[in-house]
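Remarks on the structure that follows.
The values are calculated or read from the model by the stated rules, or taken from the named source; none is laboratory data. None of these values were measured; they are calculated from a predicted model. So basically every Cβ, Gly included, is an ideal-geometry build from the backbone, and we count neighbours across all protein chains shown.
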Amino acid sequence: MTDERMTEAHGPRATALVTGASSGIGRAFAERLGRDQHDLVLVARDGARLEALAKELSEVHGAHAEVLAADLTDPAGLARVEARLRSDPPDLLVNNAGFGTVGRFAELDLETEEGEIRLNVLALMRLTRVLLPTLLERGRGQIINISSLAGESAGPFMATYAGTKAFVTSFTESLAEEIRGTGVQVQAVLPGFTRTEFQARAGVKDSVVPKFAWLTAEDVVDASLAGLEKGQVICVPGVGYRALAAAQKFAPRGLMRRLYGESLRRTLD
């Protein structure tokens, strides 16, 4: 963050880098952080959507928003974002970029499955590793990793996605203990069904999900930032989903595997 970006009353503005900022939860984070007087570095593949968002954040909230169009599944794109983290480290990193696939694993495209792991796991791990030493040196800062309740149990018909999110949650919890007492926070956010473009891209029929079960992207962001204020390492947005997360810890794994399998099977038929 450069010293020239100042608020009139509160000194330097904090800076946040948000991946997957062009839509869904990432966009909701950018809008909320802009409203909360953060300057932004917006990362996603779609540069045109990022430019439109940057203009909106400037006009509505007076936030400076830098656009960094990059495909994080591509080593060159990931390297550009890593270089940005090194050259001008932000105060907050939101690792939101990710996607999921749904179907019978034996029939899914192998390259797409590998790309899913590159984005959901490798990019998140690398960006965290690049920024974390600077935050530890400062003795302050936050990293928010967007995981999913799907990673809390087996995910039949979304095996790769569930596996990547299990990594994100475990990785984040492990780091939280490593850096305890340093002044730096890491948090894993585990949303349930959330109204974004995720379902359409994954091929999930959202009609099989009851209306009451849906969260908004803004619900997820509000829960995450409120939890961060309280020092929460694991944030599960929504009362119903928190109850589900607690209940499934006591349910037999075989039963949960069967229930989730039957539920996801309906989205394919």
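Tabulated values for the structure
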read-out: Number of positions in segment 54-64 that are out of contact with any strand residue (DSSP E or B) (no Cβ under 6 Å at 6 or more places or on another chain) and either among the β-branched types (Val, Ile, Thr) or buried (at least 17 other Cβ atoms within 10 Å of the Cβ) (or both); value: 2
read-out: Helices (runs of 4 or more DSSP H) contained entirely in segment 21-127, each with at least 2 residues that are touching a Ser or Thr at 6+ places or on another chain (Cβ under 7 Å) and at pLDDT 95 or above; value: 24-35, 47-61, 110-117
read-out: Single unsatisfied condition, Ala226 versus (1) touching a helix residue (DSSP H, G or I) at 6+ places or on another chain (Cβ under 8 Å); (2) at pLDDT 95 or above; (3) within 21 Å of Phe29 (Cβ to Cβ); (4) surrounded by fewer than 19 Cβ atoms within 10 Å (Cβ to Cβ); value: (1)
read-out: The one condition in (1) small (Gly, Ala, Ser); (2) over 20 Å from Leu127 (Cα atoms); (3) crowded, with 24+ Cβ neighbours inside 10 Å that Ala162 fails to fulfil; value: (3)
read-out: Residue among Val130, Val184, Val168 that is at pLDDT 95 or above, under 28 Å from Thr216 (Cβ atoms) and aliphatic (A, V, I, L, M); value: Val168
read-out: Only listed residue being over 17 Å from Gln185 (Cα atoms), under 17 Å from the mean Cα position of the chain (by Cα) and of a type in the set (Lys, Arg), chosen from Arg86, Arg118, Arg104, Arg80; value: Arg118
